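K.L.:
Right, I'll just put the structure down here and ask away after.
The values are calculated or read from the model by the stated rules, or taken from the named source; none is laboratory data. What you are looking at is a predicted structure, and each value in this text was computed from that prediction instead of being measured. Neighbour counts are summed over all protein chains in view; Cβ atoms, including those assigned to glycine, are modelled from backbone coordinates with ideal geometry. To get the accessible areas, we keep the full protein, side chains included, count just its heavy atoms, and leave off ligands, DNA and RNA. Shrake-Rupley method; radii C 1.70, N 1.55, O 1.52, S 1.80 Å.
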Amino acid sequence: MIRWSYAINQWKPSFDDFTRRRDHERALRVISISGFTGVELTTGTGRWEPLGNPDQLAANFGSAAGFADFVHDAALEAVSSWFFDPLLGFREDLSGPADPADPAAHDSVVSHATWFAEALAELGGEVLVVRPTASAWQRPELDDAVIDTIAACWNDVGRAIAPLGIRLALHFDFLSALRSHDGLERLLAATDPALVGFSVDTGEFAAAGLDPVAFIEAHPDRVAHVQLKNAAAVDDDDEYLRRNAEHHVKKGGGEKPVPRWFLELGVAAGIVDAEAVVRALVSHGYDGWVTVESDLSPHPPTSAMLNGWYLQHVLQPITAAS
Amino acid sequence: MSGFRYSYALNQWRQSPTSFVRLEDHERAFKTLSVSGFRAVELWAGTGRWSNLGRPEHLRLNYGSSAGFVGRLAECGIDAVSSLTWDPSAPAAEEGFDLRSTSRPADHARILAAVDPYLDLLTELGCDRIVVRATEPAGRIGADLDVGAVASVLERIGSAAKDRGVRLAADIDCLSPLRDAAGIASLLDSTDPDLVDLSLSTADLVVAGEDPVAIARRHVDRIGHVHLKDSHFVDSENAYLLPGAEVDMLQGNAGRRIERWFFEFGSEAGLVDAAAVLGVLGESDYSGWVVLESDQSPEPATSAMLNAWYLTHIAAAGFRAAARTEEPAR
Amino acid sequence: MKWSYMDHWRSPSPNGPIDQWQTYDSMDRFLKQVAAVGYDAIDTFDHRYFTIIDQYGSVANYQEFVQERGLERIVNTFHAAAYDQRNYAPHIASTHDNILEDFRVTMDRWSGIQLDNIIVMPATLYYDMEPVTEDKIKTTAELWNKVGAITLDAGVKLTCHHEFFCGIQSKEELDTFYAYTDPALVNLFVDTAQHCIASVDPVEFYEKYADRVTGFHFKDTRHQDLVGDYRRRPDAELMGTTTPRWFHEMGDEGGLVDFEAFMRAVVRNGYDGWLSVEHDKANKLGGDHAESTAIARWYAKNVLEKVAREEAAK
């Protein structure tokens, strides 16, 4: 059965936004009343990231359980998932970026992933969604040794968090190093299917010029998580290879420019066929969370409400008919 | 060099019927304009108690009197009300939502009655310029227009205004059936230069596919008012003929879905050569107002500040210096 | 009398609010707006160094970009450090070597232009320093004396900016700190709002230390911290109980700072440096950074400069 959650990331456009309890409460209530039953958290560090990691949850809500109560009070069932990027580093333990392509960093990646997974289990969650490697501009080369090192890291993480009841899902994005040199398929082949799943982010796939439905059809057993969002454009000029592409291309729009890469589901300007994605998931009996996402939205409540309408009126009828 | 003065249109601050109502919001706009170097403001006619700068009775109620409003402006560093824009065809609650058209002679007497309170207000404010929308949109009244009827009512308004020491400038906007060079010429040829001036709106001309510099040169003796603003687009598909062009074209509801036609100066996509327009005015005897306008701006303060920077550094070297040497009138 | 604008900025974009560092265009628009309303220069944060290198190639190139838009230069940088008791805490001597090295690196990075001041919050968050003792303040002062020597060596004054939530914020703590620091090496940067929130009268405080003052943040607040927000965990600045928005531009209604008295004191004491305007987080509760920046400059021009002329004529 598909369960629907919403990603919290869109509510924090700047480092000093979305810090107050009232803001969190209102966001969770918007998600809930728009028809979603779960929320996906994202990684952050420091005191202005109250929802960014287990230590900050404890500092602000007493404990992970305290935050779970807060989520339930907003009429949501669970924190579905947590997005974890090991390359960010954490002030909480003075750890720097931990690169899965660096064998020396594996212990750090595993321990931080476990830190998140333990909290996630307390929050009723099921999937740790991770950024498997750096951006393409940071790692233009991707030889077999690097793929094997990255794969070994995530195999270790999958093994470490499985006993907690948390699945691992590697998330592909349109700036990822995995976009070149057939990296996504090679990493898929190099990882243990029993330990490592994938997250299909439909907007990121589309922006990278990939078909998310084709991926689901090709690898239905590896799909452990879905982030459902629309995209406005394809990066067909390989701008993802540009230095600091996160800043210049994703947020700044690049040379085209693209004012906003990701859109709400079902809008005319979008290039993702969300109905086809859901049909593909249903046909393969996908059983798990689908997180609707609208990162980079200029109007977060509006995006959540429009996506909520689309969920109730277009997508849920597809799942109900199955 | 002629002695024209700069002003800024306040209309951009009113982004919805409920915005720009509180007096502290007015004050912040006045101060923003003042410190940006603008020492005069243009009002626009409206309706309802929330349009409290757009109706004479509401303006007086909110500021005690017209003099009270002028005094508040002065305290904020604004020396003058340059002008007021008025659309005779816009229905107003205060006038029973009367529907009038400058192209219908039967409506003319009521148009003259409706402008009267505004002329009183302008006299009280020490303002000598009313900018009157010449026609309804082409999509509403059709492209075939009785120019004589429009000319007639404009002359009658112009005459009533002249009696109060106010001059009329006809505003031919980008939705008007008279928006092109021929239409502008036909209206000017049909009206008495003693009673009707032209309001040169640079962005509207660009949208209409005309060159504002050429129009300014051609009619330089008739220019009585200037709206200086930029546009990024030409209405090359004649979307202005759509029945609902005010929404369908100008707000992007249909066709090319352009949601914002008008911009502050300084962006690469801008089509108006402000320096050239100011050059034509400077070489002439023009001594009226040049009103910067940025309606449709999502960031009014930003647009005003960017226009000020552009005038200072690009288009009009004297702008900033003039603004700095003047002390506010008290 | 020259005014500089301190960095803080948000504007809308198709993908949500952005700051001025997003693109060349957003920086261009920011600088033009600041210049349009009569500011003469800007201040910035020195951690912007990385963005500057990425986008402009060098600090000097960025300053040139600033100058091309009609502003004189970059006057001050704010050194926003990530304080942590484990490795970066002025009251803990074992962390000092790390901090000193940080300033050596920073001064080298910014050596391409001439700055007036490098501004620091001289203590950790209050809750990381409490109980705030004389010994801890003395240790803190020893650090800043050493840092001041490093920055002075680079031709830049070290100056201290006391956030209401930092470990040195009460009148007594401030007096102790300035007694232990060397006037030749450690200066004071008076943020009118921060002191006001901490119930330290900015005018009295300034008058007392006027000969050590090398700059100001002209900034207003509507609230004093009367409930102990300054030591609130995990955060006071954005998550305080008193208000979601501590800071307002000067010239706004409801402000608590007496700027006219403050300006008179500035003139009386013969201060002849730059005057910086700041209103960080002015976008909270629906605020508009551009408008706040214009309103503050309007107030400076139409009220404070006149007061200054009056005071100077006395």
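K.L.:
What is the Cα convex hull volume of chain C when expressed per residue in Å³?
P.N.:
That works out to 130 Å³ per residue.
K.L.:
Once you put a point 7 Å from the Cα of A:D238 and another 7 Å from the Cα of C:A210, both along the Cβ direction, what distance in nm separates them?
P.N.:
Taking the two extended label points, one gets 6.6 nm.
K.L.:
Right, next: Among the residues of the range C:53-98, which ones have their accessible area go down by 40 Å² or more when all the protein chains sit together, as opposed to their chain alone (1.4 Å probe)?
P.N.:
C:D54, C:R86
K.L.:
Ok, one more. Tell me which of C:S26, B:G64, A:W309 sits at the most positive position along the dipole axis of the protein assembly as shown, charges placed on C-beta atoms (Lys, Arg +1; Asp, Glu -1).
P.N.:
B:G64
K.L.:
How about the range A:220-322: which trypsin sites (Lys or Arg not before Pro) there lie in a loop by DSSP and see at most 15 other Cβ atoms within 10 Å?
P.N.:
Those satisfying the criteria are A:R243.
K.L.:
Now for a separate question. In terms of modelled amide H atoms, which long-range or inter-chain residues lie less than 5 Å from the amide H of A:E40?
P.N.:
Amide H to amide H, under 5 Å and 5 or more residues apart or across chains, A:E40 pairs with A:Y6, A:A7, A:I8, A:S80.
K.L.:
Taking amide hydrogens as modeled 1.01 Å from N in the peptide plane, which residues meet the under 5 Å criterion relative to B:R133, leaving out close sequence neighbours?
P.N.:
Amide H neighbours of B:R133, under 5 Å, 5+ apart: B:W86, B:D87, B:D171.
K.L.:
Separate question: What dipole magnitude, in Debye to the nearest 20, does the protein assembly as shown give about its Cα centre under +1 on Lys/Arg Cβ and -1 on Asp/Glu Cβ?
P.N.:
Here the size comes out at about 1760 debye.
K.L.:
Right, next: Take the range C:170-314, drop everything but the C-alpha atoms, weight them equally and run the Debye formula without solvent; then report log10 I(q)/I(0) at 0.13, 0.18 Å⁻¹ to two decimals.
P.N.:
Debye intensities relative to I(0), on a log10 scale: -0.61, -1.11.
K.L.:
Moving on to the next point. Pop a pseudo-label 7 angstrom from the Cα along the beta-carbon direction at both B:N253 and A:Q312 and give the gap in nm to one decimal.
P.N.:
The two pseudo-label positions are separated by 2.6 nm.
K.L.:
Quick one: the Cα spread of the range C:227-280 along its three principal axes, in angstroms, biggest first?
P.N.:
Largest first, the range C:227-280 extends 41, 22, 19 Å along its Cα principal axes.
K.L.:
Then there is this: Excluding C:T293 itself, calculate the net charge of residues whose Cβ lies under 14 Å from the Cβ of C:T293, where each Lys or Arg counts +1 and each Asp or Glu counts -1.
P.N.:
Once positives and negatives cancel, what remains is -3.
K.L.:
Can you work out the Karplus-derived ³J(HN,Hα) for every residue in the range C:59-67? Use 6.51 cos²θ - 1.76 cosθ + 1.60 with θ = phi - 60°, whole Hz, and x for glycine or proline.
P.N.:
4, 5, 4, 5, 4, 5, 4, 5, 5
K.L.:
I need the P(r) histogram for the range A:161-272: all alpha carbon pairs, bin width 5 Å from 0 out to the longest distance, whole percents.
P.N.:
2, 12, 20, 23, 17, 13, 8, 3, 1, 0
K.L.:
Also, quick follow-up: Given the C-alpha centroids of the range C:82-137 and the range A:140-211, what is the distance between them in whole angstrom?
P.N.:
41
K.L.:
Over 18 Å between Cα atoms: which of A:K12/A:K250; C:K32/C:K281; A:K12/C:K32; C:K138/C:K208 fall into that group?
P.N.:
Cα-Cα > 18 Å for C:K32/C:K281; A:K12/C:K32; C:K138/C:K208; rest within.
K.L.:
If you bin every alpha carbon distance in the range C:85-149 into 10 Å steps from zero, what whole percent lands in each bin?
P.N.:
Here the calculated profile for the range C:85-149 is 20, 50, 24, 6, 0.
K.L.:
If I model a spin label as a point 7 Å beyond the Cα along the Cα-Cβ vector, how far apart are those points for B:E283 and A:A59 in nm?
P.N.:
Rounded to a tenth, the inter-label distance reads 6.6 nm.
K.L.:
A follow-up question, please. Report the convex hull volume per residue for the range A:13-78, counting only C-alpha atoms, in Å³.
P.N.:
Given the Cα convex hull of the range A:13-78, per-residue volume reads 79 Å³.
K.L.:
Now for a separate question. With a 1.4 Å probe and every protein chain kept in, tell me what percent of the accessible surface of the range C:3-313 is carbon plus sulfur.
P.N.:
Its accessible area is 47 percent carbon and sulfur atoms.
K.L.:
What does the convex hull of the Cα atoms come to per residue for the protein assembly as shown, in Å³?
P.N.:
Per-residue hull volume (Cα only) is 176 Å³.
K.L.:
If you don't mind, there's one more thing I want to ask. Give me a comma-separated list of calculated 3J(HN,Hα) values for the range B:168-175, in order, Karplus coefficients 6.51, -1.76, 1.60 applied at θ = phi - 60°, integers in Hz, x for any Gly or Pro.
P.N.:
9, 10, 7, 9, 9, 8, 6, 9
K.L.:
Once you sort the root eigenvalues of the Cα gyration tensor of chain B as a ≥ b ≥ c, which label holds: rounded (a/c under 1.5), prolate (a/b larger than b/c) or oblate (the other case)?
P.N.:
Since a/c stays below 1.5, the shape of chain B is classed as rounded.
K.L.:
Taking the Cβ of C:Y88 as the centre, find all other residues whose Cβ is under 13 Å away and add up their charges (Lys, Arg: +1; Asp, Glu: -1).
P.N.:
Cβ neighbours under 13 Å give a net charge of -3.
K.L.:
For C:K136, which lysines qualify as cross-link partners when the Cα separation must be under 21 Å and same-chain residues fewer than eight apart are set aside?
P.N.:
Within the straight-line cut-off, C:K136 pairs with C:K146, C:K171.
K.L.:
In nm², what is the average projected area of the convex hull enclosing the Cα atoms of the range B:191-330?
P.N.:
About 10.5 nm², averaged over all directions.
K.L.:
Can I ask one more? So what's chain A giving for Rg/Rh, alpha carbon basis, Kirkwood Rh from the mean inverse pair distance?
P.N.:
0.93
K.L.:
May I pose another question? Starting from the amide H of A:W289, placed 1.01 Å from N in the peptide plane, find each other amide H under 5 Å away whose residue is 5 or more places distant or on another chain.
P.N.:
Counting only residues 5 or more places away or on other chains, the set is A:R3.
K.L.:
Grab the eigenvalues of the alpha-carbon gyration tensor for the range A:97-155, scale each by 5, take roots, and send me the semi-axes largest first in whole angstrom.
P.N.:
24, 12, 10
K.L.:
Another one. Using θ = phi - 60° and the Karplus form 6.51 cos²θ - 1.76 cosθ + 1.60, what ³J(HN,Hα) does each residue of the range B:278-284 get, whole Hz, x for Gly and Pro?
P.N.:
Rounded to whole hertz, the list is 5, x, 4, 5, x, 7, 9.
K.L.:
Please list, by residue number, everything in the range C:154-176 whose backbone N is under 17 Å from a paramagnetic label point 7 Å out along Cα→Cβ of C:R104.
P.N.:
Only C:154-155 pass the distance filter.
K.L.:
Find the accessible area per residue for the range A:2-320; the probe is 1.4 Å, ligands and nucleic acids are left out, and the unit is Å².
P.N.:
36
K.L.:
Where the centre of each part is set by its Cα atoms, how far does the range B:91-136 sit from the range B:247-294, in angstrom?
P.N.:
25
K.L.:
Sticking with this structure for a sec: Among B:I111, B:P88, B:P300, whose Cα lies farthest out toward the positive end of the dipole of chain B, if unit charges sit on the beta carbon of Lys, Arg (+1) and Asp, Glu (-1)?
P.N.:
It is B:P300, whose Cα lies furthest towards the positive end.
K.L.:
Another question, then. What's the total accessible area buried between chains B and C, using a 1.4 Å probe, rounded to the nearest 100 Å²?
P.N.:
2300
K.L.:
Can you give the FRET efficiency to the nearest 0.05 for A:A194 and A:R20, using r as the Cβ-Cβ distance and R₀ = 45 Å?
P.N.:
Using R0 = 45 Å, I get an efficiency of 0.60.
K.L.:
Could you tell me what percent of the DSSP beta bridges with both partners in the range B:185-330 are antiparallel, to the nearest 5?
P.N.:
Just about 20 percent of them are antiparallel.
K.L.:
Let me ask you something else. Assuming R0 = 41 Å, can you tell me the calculated FRET efficiency for the pair B:K162 and C:E64, based on Cβ-Cβ distance, to the nearest 0.05?
P.N.:
About 0.15, to the nearest 0.05.
K.L.:
So, one more: Given R₀ = 56 Å, FRET efficiency for C:Q114-B:H219 by Cβ-Cβ distance, to 0.05?
P.N.:
According to the calculation, E is roughly 0.55.
K.L.:
Stretch B:A93-B:I314 to full length: gain in nm at 0.36 nm per residue minus the Cα-Cα span?
P.N.:
Between B:A93 and B:I314, full extension yields an extra 75.2 nm.
K.L.:
For the range C:182-314, give the share of DSSP beta bridges that are antiparallel, in percent and rounded to the nearest 5; count only bridges with both residues there.
P.N.:
Expressed as a percentage, antiparallel bridges in the range C:182-314 total about 25.
K.L.:
Defining a contact as two alpha carbons under 8 Å apart and six or more residues distant in sequence, what relative contact order in percent does chain A show?
P.N.:
18
K.L.:
Out of the range B:154-209, which trypsin sites (Lys or Arg not before Pro) are coil in DSSP terms and have no more than 16 other C-beta atoms within 10 Å?
P.N.:
The qualifying sites are B:R164.
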